[in-house]
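Asks: Quick one: the structure is below, questions incoming.
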Amino acid sequence: MGSADSKLNFRKAVIQLTTKTQPVEATDDAFWDQFWADTATSVQDVFALVPAAEIRAVREESPSNLATLCYKAVEKLVQGAESGCHSEKEKQIVLNCSRLLTRVLPCIFEDPDWRGFFWSTVPGAGRGGGEDDDENARPLAESLLLAIADLLFCPDFTVQSHRRSTVDSAEDIHSLDSCEYIWEAGVGFAHSPQPSYIHDMNRMELLKLLLTCFSEAMYLPPAADCGNTNPWVQFFCSTENRHALPLFTSLLNTVCAYDPVGYGIPYNHLLFSDYREPLVEEAAQVLIVTLDHDSTTSASPTVDGTTTGTAMDDADPPGPENLFVNYLSRIHREEDFQFILKGIARLLSNPLLQTYLPNSTKKIQFHQELLVLFWKLCDFNKKFLFFVLKSSDVLDILVPILYFLNDARADQSRVGLMHIGVFILLLLSGERNFGVRLNKPYSVRVPMDIPVFTGTHADLLIVVFHKIITSGHQRLQPLFDCLLTIVVNVSPYLKSLSMVAANKLLHLLEAFSTTWFLFSAAQNHHLVFFLLEVFNNIIQYQFDGNSNLVYAIIRKRSVFHQLANLPTDPPAIHKALQRRRRAPEPLSRTGSQEGASMEGSRPAVPAEPGTLKTSLVATPGIDKLTEKSQVSEDGTLRSLEPAPQQSSAEGSPATEEPSQAWREQRRPSSASASGQWSPTSEWVLSWKSKLPLQTIMRLLQVLVPQVEKICIDKGLTDESEILRFLQHGTLVGLLPVPHPILIRKYQANSGTAMWFRTYMWGVIYLRNVDPPVWYDTDVKLFEIQRV
C-alpha cells in the first residue's frame, strides 16, 4: 500500500473516532487496528493528521473512546515488548502506537480531570489478559513505561542481536541481560556496537514517547517547594525498571561519545547525513529530565573514598531512590570521568569551531541540554567536580561558557542560557583550584566580540563579565551579584591581571559608585563591596604580579576618595537622585576604552522580533544562593554561616521571597517612583562605615607620592617606567594585617531547583518543533512569550 493510501486510511480512522458518539468496544479490533496495523505514517504525519482540537473534542464528548484508544495502544506496545517484535509488521505496529501516544498524551495532560487516568488500572488489562489477574493489574502508566524500557533493548529492533542463528531460536526477551546490549562504549561498557541507522531511528521514536510521558510536569504550575516528584520519572527510575542501569549508561555514553565532526575530517558531514545527532539530542533531553531531582530535600549521595571494581561506587548510604541520580552520583573511575568530561567539552566547543572553518563541522544545537547535564554531574557527584578542577581541562568547559555568555548577552530570549552559564561558573568558583587554573595563558583565539588582550583565562573572564554588565540586556541585572561573586571567589589566586582587565574592573567600580546608582536601589551598594573585596584580595595576597592593577588603582584614585567621602545628608541624597533623571544609562561605555574587537567576531545581537521564549521563575538572591566560608591557613574551608534566617551581607535584611520586586530592585525607576523604598541618611551611614577601604587607602598613601616623584624627577609621562617601579616595589609591613579570605560557595536550595526545572522544560518545549510535541497545548509550568 502506498504512503498516500496509508495516510488516507489513517485519516479516515481518525475522522470515524471523532464522529462516533457511542462508545466503541475495546474488543472491536477491526476498528482499533486501523490506527496502527495497516498504516506506515511518520511521526510528522501523525501530528498533521490528528489535530489537537480533534483529540480535545473526543476527550470532552466521548471520553471512553479516547480512554480505549490509549489503552489499546499501550496494550500493543506491551505485546510487542512481550513477543520481542520479530516480524516487520510487529515493529511497524509498535512504532505507530508510539507515535500516536506521543501525539495524544499532551492533550490528556492538559486536562486535570484526566491526570489520574494513566495511574488507574483498566479492568481486564492484567498482563496475561486472563480472568484471574485483575487483582495484580498494573496502572496503565507503569505498563507503558516498562514496555518502553523493554523495547529499548529489543534485539534486531533497537539493539543488535547477538545470535547468529535463525529466527526460531531468537533471544527470549525475558532472560535477556540488557547490560550486554548497552548502546555505546564508555562508562561501564567497553564494546562499541556497529552503528545502525534503523536502530537509532527506532530508539529515537521510543525516547520521544518516553520524554512525552515525563512531560506531565509541564502541565503543573511552578511550586514554591519543588517537592512534587514526577510520578512518571519516579517509577521509570525505580527498581521496578530492570533496565534502569543499562539505559542510564546507554544514554550517558551515547551523548558523551558523540563526535559531530565526523571522525575528524573537515566537511565530512556534508557527504554523510548524520542520523546520530537526533538520537543524541533526544538522549540528552531524556537524561536531564530523569535527573530532575531536588537534592535539598533528599539524602544526598555521600562522597566517600571507597572504590570498587564496578563503574558505580558502592557508596553508603544508598542515596536517592531515583536510580539515575544514584548511578550518576556513584561514578568514580578516573577513566570514566575523563570520558564524560572530554565528551561534554568536545560538544560544548563545537559551536566555537564553526568560527575557524565555517561549515567545516556540523553545528550542534543542544548546548543548553549539555550545560544542564554538566551542572547535574557537578551537583550530584562531588568526585566529578574535583576531577574537573584537578587539571586544566576545566578551561575547555570555561571557554565555551564564556563564549555563550558573551554571544547571548543582548538577546532576551536567551536569558536562561545566561543564568545557567553563570550558575556553573559560580559553582566552580567555590573551589580554590578553579582560581588557580585561571592563571593559564589564554592563547586560543576564538573570535569573540570583546577587546583584544594578551593575558590569561582570568583576563578573558573579567573582560567578558565587564561586557555583559555594560552592554547586556537589562534582564541580566539580577545576575550582577553572581558575576561579581565569581570574581571575588577567584581573586585571591590571580597572579597577574592584564592592563585591559584591570581597567575593566576599575571602570565597573566607577560606574557602580556614582551617587545616583548607589542611592537608587536598596541593594546596589553590594556591588561596590564585592569590587573592593576583589581589590583587597589581590593587593593582600597577589601584590607582586599585579602591577597593572595597582597602577590602574593609582590612576583612578579619585574614585576611592569619593567613596570615602560619600555624602550622607538628606539634601545630597535628594540631589543625587534628581541627577539620575537626566543621567544616561547607569553603565555607559564612556570611560572604558573599548579597544578594537577581535578579528572575525560578530557583535552580540538582540533576539529577532517574534522569537518564542519561555518564562522563568525568579532566582534566589545571592545570600540564598551561596554560603560564606573562610579559608584557613592550611587552605581548608570553615563555614561562617550564622543560624538560618540571619541578616544577609552588609546590613540589609535577607529577602525571604524572590518576588517580582526583587527582580525589579535594580531598575532605578521602581525604587522611589512607586514609593516603596527611598534612601535615608541612616541607611547610607549603616553601610558607608563598613566600606573596606583601609588597605587601598594605605596603598595610595605609600605609593602615590613615590609615583609622583618619579614623574617629576624624570619628566615622565611614560607608563612603562612607572610599571617597572611598581613591579619591584613592595608593601611588606606597610599594609594592614591581611584579612581572611572569604569564599561564597554555591549551596543547593529549592529556589534554584525550581528554576532548573522550568528552564529545562522550557528548553525542551522550544527545541522540539519537528514534530511540535507540546506547541498547541496549555502548558502551566511557564508562559510562552514572543519577543
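The values are calculated or read from the model by the stated rules, or taken from the named source; none is laboratory data. As the structure is a prediction and not an experimental result, all values here were calculated from the model. Counting neighbours? That spans all protein chains shown, and the Cβs are built from the backbone with ideal geometry, glycine included. Accessible surface areas use protein heavy atoms only, side chains included; no ligands, DNA or RNA. Shrake-Rupley method; radii C 1.70, N 1.55, O 1.52, S 1.80 Å.
Asks: Could you tell me how many of the residues in the stretch 389-436 are touching a strand residue (DSSP E or B) at 6+ places or on another chain (Cβ under 6 Å) and open to solvent by less than 10 Å² (accessible area, probe 1.4 Å)? Even if it seems obvious, please write down each step before you answer.
Replies: Filtering the stretch 389-436 for residues touching a strand residue (DSSP E or B) at 6+ places or on another chain (Cβ under 6 Å) gives 413, 426-427, 430.
From what is left, the residues that are open to solvent by less than 10 Å² (accessible area, probe 1.4 Å) are 426, 430.
Qualifying residue count for the region: 2.
Asks: Can you name the residue in the stretch 69-111 that is in contact (Cβ under 8 Å) with a residue 60 or more places away in the chain and within 19 Å of Leu220 (Cβ to Cβ) and is also most open to solvent (accessible area, probe 1.4 Å) among such residues?
Replies: My answer is Glu110.
Asks: I would also like to ask the following. Looking at the structure I just gave you, is Ala458 more than 27 Å from Glu627 (Cα to Cα), open to solvent by less than 10 Å² (accessible area, probe 1.4 Å) and part of a helix (DSSP H, G or I)?
Replies: no
Asks: Further question: Does the stretch 560-572 hold any residues that are in a helix (DSSP H, G or I) and open to solvent by 10 Å² or more (accessible area, probe 1.4 Å), and which are they?
Replies: His561, Gln562, Ala564, Pro570, Pro571, Ala572
Asks: Of all residues being of a type in the set (Gly, Ala, Ser) and within 27 Å of Leu766 (Cα to Cα) in the stretch 610-625, which is surrounded by the most Cβ atoms within 10 Å (Cβ to Cβ)? Just the residue, please.
Replies: Ranking the candidates gives Ala618 first.
Asks: Can you tell me which residue is nearest to Pro351 (Cα to Cα) among those in the stretch 420-470 that are out of contact with any helix residue (DSSP H, G or I) (no Cβ under 7 Å at 6 or more places or on another chain) and not hydroxyl-bearing (Ser, Thr, Tyr)?
Replies: Pro447
Asks: Hey, Leu505 hits all of (1) within 23 Å of Pro603 (Cα to Cα); (2) in contact (Cβ under 8 Å) with a residue 60 or more places away in the chain; (3) assigned to a helix (DSSP H, G or I) but one; which does it fall short on?
Replies: (2)
Asks: Mind checking which residues of the stretch 5-31 are among the aliphatic types (A, V, I, L, M) and buried (at least 16 other Cβ atoms within 10 Å of the Cβ)?
Replies: Ala13, Val14, Leu17, Val24, Ala26
Asks: Among the residues that make up the stretch 474-490, is at least one of them buried (at least 21 other Cβ atoms within 10 Å of the Cβ) and in a loop (DSSP other than H, G, I, E, B)?
Replies: Within the stretch 474-490, not a single residue is buried (at least 21 other Cβ atoms within 10 Å of the Cβ) and in a loop (DSSP other than H, G, I, E, B).
Asks: Then there is this: For residues in the stretch 1-48 being outside any loop (DSSP other than H, G, I, E, B) and among the hydroxyl-bearing types (Ser, Thr, Tyr), which is nearest to Gly80 (Cα to Cα)?
Replies: Among those that are outside any loop (DSSP other than H, G, I, E, B) and among the hydroxyl-bearing types (Ser, Thr, Tyr), it is Ser6.
Asks: Against the definition (closer than 25 Å to Gln22 by Cβ, buried (at least 19 other Cβ atoms within 10 Å of the Cβ), polar (S, T, N, Q) and assigned by the TED database to the domain that holds Gln34), how does Ser62 come out, yes or no?
Replies: Yes, satisfied.
Asks: Could you list all residues from the stretch 759-776 that are polar (S, T, N, Q) and buried (at least 22 other Cβ atoms within 10 Å of the Cβ)?
Replies: none
Asks: Determine if the stretch 166-174 includes at least one residue that is among the acidic types (Asp, Glu), modelled with pLDDT under 85, within 27 Å of Arg138 (Cα to Cα) and open to solvent by 20 Å² or more (accessible area, probe 1.4 Å).
Replies: yes
Asks: Taking the conditions exactly as written (within 19 Å of Ala26 (Cβ to Cβ), modelled with pLDDT of 90 or more and surrounded by fewer than 18 Cβ atoms within 10 Å (Cβ to Cβ)), does Glu54 satisfy them or not?
Replies: Considered against the rule, which asks whether it is within 19 Å of Ala26 (Cβ to Cβ), modelled with pLDDT of 90 or more and surrounded by fewer than 18 Cβ atoms within 10 Å (Cβ to Cβ), Glu54 comes out as no.
Asks: Would you mind stating whether Asn439 is in a helix (DSSP H, G or I), farther than 27 Å from Leu612 by Cα, without any contact (Cβ under 8 Å) to a residue 60 or more places away in the chain and open to solvent by 20 Å² or more (accessible area, probe 1.4 Å)?
Replies: Numbers: in a helix (DSSP H, G or I): no; farther than 27 Å from Leu612 by Cα: yes; without any contact (Cβ under 8 Å) to a residue 60 or more places away in the chain: yes; open to solvent by 20 Å² or more (accessible area, probe 1.4 Å): yes.
Criteria not met by Asn439.
Asks: On to the next question. Does any residue in the stretch 461-489 that is farther than 19 Å from Pro447 by Cβ come within less than 7 Å, Cβ to Cβ, of a residue that is open to solvent by 10 Å² or more (accessible area, probe 1.4 Å) and of a type in the set (Asp, Glu) six or more places away or on a different chain, and which pairs are these?
Replies: Close Cβ pairs satisfying both conditions: His473/Asp411; Val488/Glu533.
Asks: Mind listing whichever residues of the stretch 712-723 are in contact (Cβ under 8 Å) with a residue 24 or more places away in the chain and exposed (fewer than 14 other Cβ atoms within 10 Å of the Cβ)?
Replies: Glu719
Asks: Restricting attention to the stretch 205-218, which residues are touching a Phe, Trp or Tyr at 6+ places or on another chain (Cβ under 9 Å) and open to solvent by 10 Å² or more (accessible area, probe 1.4 Å)?
Replies: Result: Glu216, Ala217.
Asks: Tally the residues that are part of a loop (DSSP other than H, G, I, E, B) and either open to solvent by less than 10 Å² (accessible area, probe 1.4 Å) or more than 14 Å from Leu484 (Cβ to Cβ) (or both), restricting the search to the stretch 514-537.
Replies: 5
Asks: Could you look through the stretch 615-663, keep only residues that are in a strand (DSSP E or B) and among the charged types (D, E, K, R), and pick out the one that is modelled with the lowest pLDDT? Reasoning before the result, please.
Replies: Filtering the stretch 615-663 for residues in a strand (DSSP E or B) gives 626-631, 637-639.
From what is left, the residues that are among the charged types (D, E, K, R) are 627-628, 638.
Details: Glu627: 91, Lys628: 91, Arg638: 83.
Result: Arg638.
Asks: Scanning the stretch 732-758 for residues that are of a type outside the set (Ser, Thr, Tyr) and closer than 20 Å to Thr229 by Cβ, which turns out surrounded by the fewest Cβ atoms within 10 Å (Cβ to Cβ)?
Replies: Looking at residues that are of a type outside the set (Ser, Thr, Tyr) and closer than 20 Å to Thr229 by Cβ, I get Ala748.
Asks: Just wondering, is there one or more residues in the stretch 245-257 that are open to solvent by 20 Å² or more (accessible area, probe 1.4 Å), in a helix (DSSP H, G or I) and touching a Gly at 6+ places or on another chain (Cβ under 6 Å)?
Replies: Of the residues in the stretch 245-257, the ones open to solvent by 20 Å² or more (accessible area, probe 1.4 Å) are 245, 257.
Add one more test, that the residue is in a helix (DSSP H, G or I), and what stays is 245, 257.
Those still in the list that are touching a Gly at 6+ places or on another chain (Cβ under 6 Å) too: 257.
Scanning the stretch 245-257 turns up at least one residue that is open to solvent by 20 Å² or more (accessible area, probe 1.4 Å), in a helix (DSSP H, G or I) and touching a Gly at 6+ places or on another chain (Cβ under 6 Å).
Asks: Counting only residues that are in a loop (DSSP other than H, G, I, E, B) and open to solvent by less than 10 Å² (accessible area, probe 1.4 Å), how many does the stretch 219-240 have?
Replies: Going through the stretch 219-240 one residue at a time, the tally reaches 2.
Asks: Moving on to the next point. Working only within the stretch 682-703, note down all residues that are of a type in the set (D, E, K, R) and assigned to a helix (DSSP H, G or I).
Replies: Matches in the stretch 682-703: Glu682, Lys688, Arg698.
Asks: Only one of (1) buried (at least 18 other Cβ atoms within 10 Å of the Cβ); (2) modelled with pLDDT of 85 or more; (3) under 30 Å from Val255 (Cα atoms) fails for Glu180. Which number is that?
Replies: Every condition holds for Glu180 apart from (1).
Asks: So, one more: Which condition does Ala511 not pass, out of (1) open to solvent by less than 30 Å² (accessible area, probe 1.4 Å); (2) under 26 Å from Val631 (Cα atoms); (3) out of contact with any helix residue (DSSP H, G or I) (no Cβ under 6 Å at 6 or more places or on another chain), if it passes all the others?
Replies: Tallying (1) open to solvent by less than 30 Å² (accessible area, probe 1.4 Å); (2) under 26 Å from Val631 (Cα atoms); (3) out of contact with any helix residue (DSSP H, G or I) (no Cβ under 6 Å at 6 or more places or on another chain), Ala511 fails exactly one: (2).
Asks: If you check Ala40 against the conditions, is it open to solvent by 30 Å² or more (accessible area, probe 1.4 Å) and within 21 Å of Arg203 (Cα to Cα)?
Replies: When the stated conditions are applied, Ala40 passes them.
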